[in-house]
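The values are calculated or read from the model by the stated rules, or taken from the named source; none is laboratory data. Here the structure is a predicted model, which means the values were calculated and not measured. Every residue, glycine as well, gets a Cβ built from its backbone with ideal geometry; the counts of neighbours run over all protein chains shown. All accessible areas refer to the heavy atoms of the entire protein, side chains included, with ligands and DNA or RNA removed. Shrake-Rupley method; radii C 1.70, N 1.55, O 1.52, S 1.80 Å.
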Amino acid sequence: TDLMQAIEDTNKSLSSNIALSNKQAAASDAKELTQMFAQVETFFDHKADAKNASDLARQSKDLSAQIDGLVNAGNFAEASNASTTLSRTCRTCHTFYKKE
């Protein structure tokens, strides 16, 4: 879907902005991802047999919010680790649900 493409693009931007230690842009990306993952979580909450996807979306939303805090604190090393975990969480969900 368009939302998933937007998430993918924003996640790539986030990783890049963290690598560049661009606090303002990385925080903006993280806030945007937090909002988008909230939409994904709501979508899967209302879909039958999608508890796993809903949980992964919630984890992704929480990670995005955590990254926002880390970036704002200037802790780019931890933000980078959390960003890697976020990408891994996205891939895990796509393994199960991307076909739909």
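A few notes on this one:
- Rounded to the nearest 20 debye, dipole of region 1-75 from Cβ charges on Lys, Arg, Asp, Glu: 180
- With all protein chains in place and ligands, DNA and RNA left out, the 1.4 Å accessible area ranks 42, 95 as 95, 42, largest first.
- Each helix, a run of at least 4 DSSP H residues, gives -39500 (n - 2.57); summed and divided by the residues of the chain, these come to -29500 deg cm²/dmol at 222 nm.
- Identified option (computed semi-axes √(5λ) of the Cα gyration tensor in Å; candidates (1) 24, 12, 11; (2) 30, 14, 11; (3) 18, 16, 14): (1)
- Whichever aspartates and glutamates have a C-alpha closer than 13 Å to that of residue 51, once near sequence neighbours (fewer than 8 apart) are set aside: 41
- If you take all other residues with their beta carbon under 14 Å from the beta carbon of residue 65, and give Lys and Arg +1 and Asp and Glu -1, the sum is -3.
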